[in-house]
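*Asks:* Structure in C-alpha cells, see below.
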C-alpha cells in the first residue's frame, strides 16, 4: 500500500502486515522467534504518509509478546485493547487488561513495559507512538539498548558494545 496523499480512509485490516517481524538484532531475534512469530503489526499511519507518529494495529497470538520489556527516553507510547485479554507487564508488576482498556507510557519515566498474551485467544490492540528524533530505549530484562539514528534503530549491548 503506497503513501497516497489523496487517500481519505481505509479498512485497517486491509493494510499489509509489516514485512519484517522486528528490528531486533539477529542474535536477539533468534531467541525470540517463537514469541515474535505470533505478533503481527499492520502500520496504519504509513498509507496516509503520517510522519510525526506511528499507529499499528497489532495482533498477538496465544503465547506471543508485544516486544521485549522496554522504556523510551523521548517517545510517548499508548495502547488501546480492542479484543482479547493481554497482560501488561511493567516495573510495578502485572496488570490484566481487557477490551476497552488503555495504557500510556510517558517518555523518560523509565517504567519498562510489554504486553504478553497468556490467554487461549488472540489479542488485538492499537499502539500509538511518536517519532521524536534522538530517542533511545532501555531493556532492563535483557542485555540490550537501542538508539534512534537517522530514522533507524541501532542496537547495542547494554554497556554500549555493538552486536
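*Asks:* Can you work out which of the residues in the range 146-163 that are over 26 Å from residue 57 (Cβ atoms) and surrounded by 15 or more Cβ atoms within 10 Å (Cβ to Cβ) is farthest from the chain's Cα centre (by Cα)?
*Replies:* Taking the candidates together, the pick is 156.
*Asks:* Let me ask you something else. Looking only at the range 109-123, which residues are surrounded by 15 or more Cβ atoms within 10 Å (Cβ to Cβ) and either under 20 Å from residue 146 (Cβ atoms) or in contact with a helix residue (DSSP H, G or I) (Cβ under 9 Å, 6 or more places away or on another chain) (or both)?
*Replies:* Correct list: 109, 112, 113, 114, 115, 116.
*Asks:* Quick check on the range 124-145. Is at least one of its residues closer than 24 Å to residue 10 by Cα, surrounded by 14 or more Cβ atoms within 10 Å (Cβ to Cβ) and at pLDDT below 95? Full working, then the answer.
*Replies:* Initially, the range 124-145 is screened for residues closer than 24 Å to residue 10 by Cα, giving 124-131.
Checking the rest, the ones that are also surrounded by 14 or more Cβ atoms within 10 Å (Cβ to Cβ) come to 124-131.
So of that shortlist, the ones also at pLDDT below 95 come out as 130-131.
Checked the range 124-145: at least one residue is closer than 24 Å to residue 10 by Cα, surrounded by 14 or more Cβ atoms within 10 Å (Cβ to Cβ) and at pLDDT below 95.
*Asks:* Can you tell me which condition residue 10 does not meet? The list is (1) outside any loop (DSSP other than H, G, I, E, B); (2) over 28 Å from residue 163 (Cβ atoms), and all the others hold.
*Replies:* Against the list (1) outside any loop (DSSP other than H, G, I, E, B); (2) over 28 Å from residue 163 (Cβ atoms), residue 10 comes up short only on (1).
*Asks:* I've got another one for you. Name the single residue, out of those in the range 31-69 being out of contact with any strand residue (DSSP E or B) (no Cβ under 9 Å at 6 or more places or on another chain) and closer than 12 Å to residue 15 by Cβ, that is surrounded by the fewest Cβ atoms within 10 Å (Cβ to Cβ).
*Replies:* Taking the candidates together, the pick is 48.
The values are calculated or read from the model by the stated rules, or taken from the named source; none is laboratory data. Keep in mind the model is a prediction, meaning the values are calculated, not measured. Here Cβ is always computed from backbone atoms with ideal geometry, including for glycine, and neighbour counts include all displayed protein chains.
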